[in-house]
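A.B. asks: This is the structure I have questions about; it appears just below.
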Amino acid sequence: MAQQERAVRTRRAVLEAAASVFAENGYSAATVSDILQRAGVTKGALYFHFDSKEALARGVLEAQVAYAASSQELKVQEWVDGGLLLAHRLPRDPMVRAGAVLSSDPQGREHYGSAWPALIDFSAQILAEAKERGEVFAHVVPRQTAELIVGAFHGVQLFSQLECGLADVERRIAVLYDHLIPAIAVPAVLARLDLAPDRGARLYAQAVAVDASALADIAR
């Protein structure tokens, strides 16, 4: 069990180091040597978990999309929460930032893919559930809407990155939802949605508090 836990910690350390290097340097300029130095592990330990730089990139992308907002009474709110939480994490979490950088690399993504298909699938699934519940208009096509919002989200975060290093990305993503959600959600649902720019920060704080409480329970 101790060996298994050590392997999990090592894999996580390697992924976090890779994310930091990819976020700072991009895929092409990043080297395995840089990642090894950042992670503080041996080459053998790194290659035990990831056999190439491409595999490291794929691991970072998988980790980026693995974290989602908690379930909500309204599926539209759950969908919006996913985007607002992602916007909050972009300037703060190298794993998320690296995912955005890797997904935007036209050369590198030919080797390791991107996070966009998984994000589109996630959005389409939630929107399909929202449509079944009558939360969105009948004309909404979940897959098309999911592709639109993922594309628009990427454009907004890229604009924020270039203009101010993501300092205003939460506000800009909230503005995006303010403009798009009224064309999607029925009025009764729209009136109940929380689209505030600080929604992602509040969700993140709640998740951290829950995790801390769970760890405290384990320690008792």
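The numbers here are math on the coordinates, done by the rules we state, and not lab data. The shown structure was predicted, so the numbers you read here are calculated from the model rather than taken from an experiment. No Cβ is skipped: glycine too gets one built from the backbone with ideal geometry, and neighbour counts run over all protein chains shown.
A.B. asks: So who's got an amide H within less than 5 Å of the one on GLN72, skipping anything under 5 residues away but keeping other chains? H placed 1.01 Å off N, in plane.
C.D. replies: GLU78
A.B. asks: Related question: Read phi for every residue in segment 181-186 and hand back ³J(HN,Hα) as whole Hz from Karplus 6.51 cos²θ - 1.76 cosθ + 1.60, θ = phi - 60°, with x for Gly and Pro.
C.D. replies: 4, x, 7, 10, 7, 5
A.B. asks: Let me ask something else. Work out, step by step, the length gained on full extension between ARG6 and ARG143: first 0.36 nm times the residue separation, then minus their alpha carbon distance; give nm to one decimal.
C.D. replies: Contour length minus the Cα-Cα distance gives 45.3 nm.
A.B. asks: In whole Hz, with x marking every Gly and Pro, tabulate ³J(HN,Hα) for segment 33-46 from phi via Karplus 6.51 cos²θ - 1.76 cosθ + 1.60, θ = phi - 60°.
C.D. replies: Each residue's phi maps through the Karplus curve to give 4, 4, 5, 4, 4, 5, 7, x, 10, 7, 4, x, 5, 5 Hz.
A.B. asks: Hey, which aspartates and glutamates would be in cross-link range of LYS75, C-alpha to C-alpha under 18 Å, not counting anything within fewer than 8 residues on its own chain?
C.D. replies: Counting by Cα, and skipping residues close in sequence, LYS75 has these aspartates and glutamates nearby: ASP121, GLU129, GLU132, GLU135, GLU147, ASP178, ASP194.
A.B. asks: Same structure, new question: Please determine, in degrees from 0 to 90 and to the nearest 10, the orientation of helix 2-29 with respect to the longest principal axis defined by the Cα atoms of the chain, where the helix direction is its Cα long axis.
C.D. replies: So the inclination is approximately 70 degrees.
A.B. asks: A further question on this structure: Relative to the longest principal Cα axis of the chain, at what angle does helix 75-89 sit, 0 to 90 degrees, rounded to 10?
C.D. replies: For helix 75-89, the angle is close to 40 degrees.
A.B. asks: Sort 29-36, 81-88 by the packing proxy (mean of other Cβ within 10 Å over each peptide's residues), most packed first.
C.D. replies: Output ranking for 29-36, 81-88: 81-88, 29-36.
A.B. asks: Kindly write out, for segment 93-109 in residue order, the coupling ³J(HN,Hα) from the Karplus curve 6.51 cos²θ - 1.76 cosθ + 1.60 (θ = phi - 60°), rounded to whole Hz, with x marking Gly and Pro.
C.D. replies: Karplus values, whole Hz, x for Gly and Pro: 10, x, 5, 6, 4, 4, x, 5, 5, 5, 5, 8, 7, x, 8, x, 5.
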